[in-house]
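Heads up: the structure comes next, in structure tokens.
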There are 2 protein chains.
Amino acid sequence: MGILVQKFGGTSLSTDEARRYVLGHISRERQRQLDLVVVVSAMGRKGEPYATDTLLSLIHEHGDNLPPRERDMLLGCGEMISATVLCSILRSNSIPAVALTGGGAGIITDSQFGRARILEIRTEAIHKALQEGQVVIVTGFQGVTETGELTTLGRGGSDTSATALGAALRAERIDIYTDVNGILTADPRIVKDARPLSVVGYAEICNMARQGAKVIHPRAVEIAQQARIPLRVRSTFSEEEGTLVTDSLDAEQAAIVRDRYVTGVAHVSGVTQITVHAQDGHSDMQLHVFQAMAHHHISVDFINVNPGGAVYTVFDADADQAVAVLNEIGYYPKAVSGCAKISVIGGGMNGVPGIMARIVEALTEEGIPILQSADSNTTIWVLVREAFMAKALQALHAKFSLHQ
Amino acid sequence: MGILVQKFGGTSLSTDEARRYVLGHISRERQRQLDLVVVVSAMGRKGEPYATDTLLSLIHEHGDNLPPRERDMLLGCGEMISATVLCSILRSNSIPAVALTGGGAGIITDSQFGRARILEIRTEAIHKALQEGQVVIVTGFQGVTETGELTTLGRGGSDTSATALGAALRAERIDIYTDVNGILTADPRIVKDARPLSVVGYAEICNMARQGAKVIHPRAVEIAQQARIPLRVRSTFSEEEGTLVTDSLDAEQAAIVRDRYVTGVAHVSGVTQITVHAQDGHSDMQLHVFQAMAHHHISVDFINVNPGGAVYTVFDADADQAVAVLNEIGYYPKAVSGCAKISVIGGGMNGVPGIMARIVEALTEEGIPILQSADSNTTIWVLVREAFMAKALQALHAKFSLHQ
């Protein structure tokens with residue numbers, strides 16, 4: 001019998017309505033004769049008592065000086081509460097279920113508290129419970145060190161728990177339930193006719209996740225990709241199947257993907273473009289600039305270097321410090337704050353001529369200046385002013401007929 | 001350097017005022033050069049989000065069908081949250097501190113989830129942290145099985161955690177902080193001039209705890225007694241030293257105890273007296289009656305058997321069932337509901353003539369009928385109607401001059 005891993009996010013257990021849907025998804029898959037391993041996040045959103053942010057607020061009032069070990073002990077409770085509540089719901093609906101902590105499920109990590117890495121998953125306890133016919137609920141976002149101390153995997157880590165368990169158990173599929181209806185071609189708050197993709201490749205969804213589409217953590221996708229296990233990203237609040245993430249396509253899926261050069265558009269706003277010109281007598285300019293940024297822990301992105309100088313972006317929040325740091329070492333950059341990085345993503349664009357031309361065409365038609373661009377074999381990025389961001393996303397979405 | 005174990009109950013961390021007192025108690029003892037091990041219960045009272053009862057309410061709505069293993073996983077979170085919050089408070093006040101789970105502190109239990117027994121305490125982790133100068137905070141009420149599963153010690157179990165740790169660490173003393181100012185001679189809501197005892201023996205406090213004085217769990221006292229470690233029961237909300245529990249008295253303490261035949265009075269209300277008369281042809285009446293009670297899990301107390309029949313008490317809530325069960329097997333008992341069991345407790349009463357006479361005198365003077373009595377070498381019990389309970393306690397308290 002095949003194993004299905006289901007992961008339910010924080011909003012999936014916080015209301016009675018959501019819980020009814022979760023129960024429905026679990027019952028349906030059980031009726032399909034699948035062995036179920038269910039990974040849960042902490043319940044609810046910010047402000048609700050057992051949400052991760054609320055647990056953190058208990059210590060923030062004392063200045064957030066809790067060491068990472070103790071912080072993990074506190075945060076781990078969020079998922080332990082979710083897991084036991086779901087266990088209770090299932091059993092009251094005559095579905096046999098057990099709840100395991102990360103450690104109980106055999107998820108062994110290193111001891112980097114707060115951002116632990118999974119070293120190994122010992123699946124005996126899960127297999128034993130599955131053989132007894134139990135639904136196995138596992139606390140997401142956590143593991144245990146070899147010496148038995150609770151660790152957390154860092155934010156977004158429940159996705160990683162789910163795909164790592166899926167890989168270790170050689171699951172048939174991993175279903176990530178969230179509050180959106182799959183992976184969309186664009187942010188629907190900005191592009192009204194954004195629609196869910198039926199199928200997408202691992203690399204594409206990784207790119208989208210990195211470029212601002214907050215649907216699933218890229219690390220989780222990479223684990224699924226390495227294990228060649230299909231993922232499904234879908235809504236808790238619907239029976240629709242959402243988006244299948246896979247590189248193994250059937251004929252119909254292959255046809256969809258083949259005809260599609262661009263999969264979606266994504267965006268990250270709130271960035272500042274920094275332009276530094278090379279000066280006489282400063283032959284190591286580029287080295288100095290990026291060493292200075294690294295030394296001050298300023299994250300840089302979208303780097304274009306050339307003999308005449310360097311252009312790159314930082315988050316708006318870091319912009320003042322970045323300029324001050326450069327001034328200190330004798331550089332006087334131009335800083336343009338309030339920019340947005342737009343990503344046009346498509347596994348099928350590699351080697352297809354004219355994609356960049358169509359991007360330029362779309363933006364020029366709308367009178368949107370391109371401040372900077374870059375491209376890889378699956379993504380083209382352009383930097384525009386934030387004021388033009390929505391119009392740019394809409395124009396690109398239309399230009400590549402993503403609404404169809 | 002000596003080790004002091006401090007245990008703070010649920011109300012000790014739930015308000016800012018209470019937390020200031022807790023910080024004060026910890027700072028004061030640290031200044032006395034004691035190594036501190038601090039055991040905490042879950043925060044707050046019923047209705048507050050991280051209290052034990054509130055965590056249980058999360059699953060009660062689904063019919064309370066959670067297996068004991070999962071229930072312990074849920075309940076354990078209450079103390080983990082308290083421990084990390086206290087750790088944060090101490091560190092923000094420049095007191096180095098670590099928080100350990102029961103398992104992290106080496107408290108190994110059997111796997112009777114929900115009522116686990118401590119098998120062993122491996123103190124290495126605590127000693128290591130103490131040597132580093134840390135205050136060691138330990139989650140009360142919990143341990144871990146040999147296979148790493150979280151267990152709870154049952155209700156009131158944080159007292160047991162504290163005294164078991166004290167015994168394992170050969171502590172100088174164990175301080176139990178609660179919301180009353182030590183062990184009182186009677187319930188102050190009923191007896192207005194009830195006062196805290198300065199010193200009391202282990203056996204006396206065990207008796208008082210068993211007979212309705214809800215200050216400390218008797219099992220916890222027994223552990224301290226066996227290890228010959230003094231306990232102090234005191235208020236979180238005061239600097240007063242409360243009541244010292246010990247059998248090793250200095251000269252002054254010995255004088256106090258020697259002059260005292262009766263230590264205090266306690267009470268349990270809401271009990272029903274059941275009287276069964278022996279009938280012809282039912283020679284095994286007593287056997288039948290108590291087997292029937294046991295078979296139906298009805299807890300019995302205050303048992304007086306004699307050739308003519310048997311008298312005993314059950315809780316009022318069980319009374320109807322007890323009578324029905326007896327009727328089924330052919331007995332037709334007399335049941336008097338709404339009674340109260342009053343205990344007159346004193347380690348010094350053993351061998352002292354006239355204690356029972358003074359009890360009878362006190363109650364007769366007030367016109368209170370004694371429905372039943374029993375005695376051990378440290379306690380005399382009388383059963384009265386609940387309507388007379390307050391007057392009986394006041395009369396006994398006065399008769400033995402307990403207000404002085």
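For the stretch A:47-71, the set of residues classified as more than 9 Å from chain B (Cβ to nearest Cβ) and assigned to a helix (DSSP H, G or I) consists of A:THR52, A:ASP53, A:LEU56, A:SER57, A:PRO68, listed by residue number. Per this entry, A:LEU34 is not counted among residues that are closer than 19 Å to A:ARG232 by Cα, within 13 Å of chain B (Cβ to nearest Cβ) and at pLDDT 90 or above. Among the residues of the stretch A:296-314, those identified as of a type outside the set (Gly, Ala, Ser) and either not assigned by TED's automatic domain parsing to the domain that holds A:LEU326 or not in a loop (DSSP other than H, G, I, E, B) (or both) are A:ASP301, A:PHE302, A:ILE303, A:ASN304, A:VAL305, A:ASN306, A:VAL311, A:TYR312, A:THR313, A:VAL314. Taking the criterion of being hydrophobic (A, V, I, L, M, F, W, C), touching an Asp or Glu at 6+ places or on another chain (Cβ under 9 Å) and at pLDDT 95 or above, the residues of the stretch B:354-397 that qualify are B:PHE388, B:ALA392, B:LEU393, B:ALA395.
Filtering the stretch A:139-167 down to residues that are of a type outside the set (D, E, K, R) and surrounded by fewer than 22 Cβ atoms within 10 Å (Cβ to Cβ), which residue is nearest to the chain's Cα centre (by Cα)? Checked the stretch A:139-167; the qualifying residue nearest to the chain's Cα centre (by Cα) is A:GLY156.
Within the set A:ILE359, A:ILE368, A:ILE345, A:ILE355, the sole residue that is over 27 Å from the mean Cα position of the chain (by Cα) and in contact (Cβ under 8 Å) with a residue 12 or more places away in the chain turns out to be A:ILE368. Take the conditions in contact (Cβ under 8 Å) with a residue 24 or more places away in the chain, part of a loop (DSSP other than H, G, I, E, B) and either over 30 Å from A:ILE95 (Cβ atoms) or facing another protein chain (nearest Cβ under 7 Å) (or both) and apply them to B:ILE95. Does it pass? Answer is yes for this residue.
Has the stretch A:43-65 got at least one residue that is at pLDDT 90 or above, within 25 Å of A:ALA164 (Cα to Cα) and not acidic (Asp, Glu)? So far as the stretch A:43-65 goes, no, none of its residues is at pLDDT 90 or above, within 25 Å of A:ALA164 (Cα to Cα) and not acidic (Asp, Glu). Just wondering, is there one or more residues in the stretch A:166-180 that are more than 13 Å from chain B (Cβ to nearest Cβ), modelled with pLDDT under 95 and over 30 Å from B:PRO67 (Cβ atoms)? Among the residues of the stretch A:166-180, at least one is more than 13 Å from chain B (Cβ to nearest Cβ), modelled with pLDDT under 95 and over 30 Å from B:PRO67 (Cβ atoms), which makes the answer yes. For the stretch B:323-355, a residue qualifies if it is closer than 14 Å to B:ILE298 by Cβ, out of contact with any strand residue (DSSP E or B) (no Cβ under 8 Å at 6 or more places or on another chain) and of a type in the set (Val, Ile, Thr), and the qualifying residues are B:VAL325, B:ILE329. Out of all the residues in the stretch B:333-343, is one or more over 15 Å from B:TRP381 (Cα atoms), of a type in the set (Gly, Ala, Ser) and in a helix (DSSP H, G or I)? For the stretch B:333-343, residues over 15 Å from B:TRP381 (Cα atoms), of a type in the set (Gly, Ala, Ser) and in a helix (DSSP H, G or I): absent.
This table checks each residue for (1) of a type in the set (Gly, Ala, Ser); (2) in contact with a strand residue (DSSP E or B) (Cβ under 8 Å, 6 or more places away or on another chain).
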| residue | (1), (2) |
| --- | --- |
| A:SER27 | yes, no |
| A:VAL39 | no, yes |
| A:ASN65 | no, no |
| A:GLU70 | no, yes |
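For B:ALA266, all conditions in the list (1) at pLDDT 90 or above; (2) within 13 Å of the chain's Cα centre (by Cα); (3) part of a loop (DSSP other than H, G, I, E, B) hold save one; what is the number of the exception? Here B:ALA266 meets the rest and fails (3). Taking the criterion of being modelled with pLDDT of 90 or more and away from every other protein chain (no Cβ under 12 Å), the residues of the stretch A:144-154 that qualify are A:THR151, A:THR152, A:LEU153. Restricted to the stretch B:141-231, the set of helices (runs of 4 or more DSSP H) holding at least 2 residues that are assigned by TED's automatic domain parsing to the domain that holds B:LYS7 comprises B:157-168.
Scanning the stretch A:98-120 for residues being surrounded by fewer than 19 Cβ atoms within 10 Å (Cβ to Cβ), of a type outside the set (Asp, Glu) and away from every other protein chain (no Cβ under 14 Å) gives a total of 4.
Checked against (1) free of Cβ contacts under 8 Å to residues at least 12 places away in the same chain; (2) not in a loop (DSSP other than H, G, I, E, B), B:MET293 meets all criteria but (1). Residues in the stretch B:190-200 that are of a type outside the set (A, V, I, L, M, F, W, C) and either crowded, with 20+ Cβ neighbours inside 10 Å or more than 21 Å from B:ASP159 (Cβ to Cβ) (or both): B:LYS192, B:ASP193, B:ARG195.
Based on this model, can you work out whether A:GLU29 counts as crowded, with 17+ Cβ neighbours inside 10 Å, acidic (Asp, Glu) and within 23 Å of A:VAL5 (Cβ to Cβ)? In short, yes.
Within the stretch B:7-25, the set of residues being in contact with a strand residue (DSSP E or B) (Cβ under 9 Å, 6 or more places away or on another chain) and outside any helix (DSSP H, G or I) comprises B:LYS7, B:PHE8, B:GLY9.
Between A:ARG210, A:ARG219, A:ARG260, the distinction of being under 26 Å from A:PRO188 (Cβ atoms), without any contact (Cβ under 8 Å) to a residue 40 or more places away in the chain and not polar (S, T, N, Q) belongs to A:ARG210 only. Scanning the stretch A:234-257 for residues being free of Cβ contacts under 8 Å to residues at least 60 places away in the same chain, among the hydrophobic types (A, V, I, L, M, F, W, C) and in a strand (DSSP E or B) gives a total of 1.
The values are calculated or read from the model by the stated rules, or taken from the named source; none is laboratory data. Keep in mind that what you see is a predicted model, and the values were worked out from it rather than measured. Because the Cβ atoms are built from the backbone with ideal geometry, glycine has one as well, and the counts that use them run over all protein chains shown.
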